[in-house]
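Working notes for the structure below.
The values are calculated or read from the model by the stated rules, or taken from the named source; none is laboratory data. Every value quoted in this text rests on a predicted model; they were computed, and no experiment measured them. Counting neighbours? That spans all protein chains shown, and the Cβs are built from the backbone with ideal geometry, glycine included. For the accessible areas, the whole protein counts, side chains as well, though only heavy atoms, and no ligand, DNA or RNA atoms are used. Shrake-Rupley method; radii C 1.70, N 1.55, O 1.52, S 1.80 Å.
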Amino acid sequence: MDEAGRGPWAGPVVAAAVYLPPDYEAQGLIGLNDSKKLSEKKREALFEPICALPHGIGIAEVGEIDTLNILQASMLAMQRAVSALPFTPDFALVDGNRLPAWDVPSDFLIGGDARSVSIAAASIVAKVTRDRMMVALDAEFPGYGWAGNKGYGVKTHQEGLARLGVTPHHRRSFAPIRKILSPDAA
């Protein structure tokens with residue numbers, strides 16, 4: 001299991017659970033690594049073969065992030081990803097330093113997306129899924145640069161906020177967005 005999208009100012013957080021069989025390399029899955037260490041082209045090339053394997057995707061939307069906080073929303077997305085698997089796993093290996101509250105036997109692995117090919121596969125699915133969602137949101141809400149910045153608080157996104165204001169896809173609980181909405185409270 002892994003998630004993508006904890007840090008951005010806009011968009012959902014996405015988690016993925018992937019079952020990677022022992023013969024995964026024979027299925028064309030060569031070069032699995034932390035999604036952040038792979039080029040977009042390599043992630044896209046691996047995405048479809050990984051998704052041909054048993055997998056589940058879970059999403060926590062912006063409203064849930066704002067209500068629960070980003071950590072709890074990430075845990076919720078992970079629970080949803082495991083629930084979306086076509087079977088109940090015997091064990092789940094989760095990237096990070098804590099586990100969701102669930103009944104699945106599991107353990108966490110700090111830096112797991114670079115240390116476990118299973119977690120790396122999940123990181124690719126989560127990132128590509130979220131990136132595609134942000135590209136679609138960019139088409140719906142042009143001017144923030146989401147196709148390129150994926151909702152992170154970079155200069156193009158900040159300029160879009162200054163010019164166009166806050167959208168329904170911005171995380172109002174995040175300090176930079178909260179400051180825009182209530183400058184006197186900051």
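At a glance:
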{"item": "Test for I65: is it within 14 Å of the chain's Cα centre (by Cα), surrounded by 19 or more Cβ atoms within 10 Å (Cβ to Cβ) and either under 22 Å from G148 (Cβ atoms) or at pLDDT 95 or above (or both)", "result": "yes"}
{"item": "Inter-residue pairs, beta-carbon under 9 Å, first without any contact (Cβ under 8 Å) to a residue 12 or more places away in the chain and in segment 8-32, second in a strand (DSSP E or B) and among the aromatic types (F, W, Y), 6+ apart", "result": "none"}
{"item": "Options I59, I70: the member that is of a type in the set (A, V, I, L, M, F, W, C) and open to solvent by 40 Å² or more (accessible area, probe 1.4 Å)", "result": "I59"}
{"item": "Evaluation of S116 against (1) farther than 30 Å from G143 by Cβ; (2) touching a residue at least 24 places away in the same chain (Cβ under 8 Å) (one fails), failing number", "result": "(2)"}
{"item": "Unmet criterion (only one of (1) more than 23 Å from A73 (Cβ to Cβ); (2) touching a helix residue (DSSP H, G or I) at 6+ places or on another chain (Cβ under 7 Å)) for H170", "result": "(1)"}
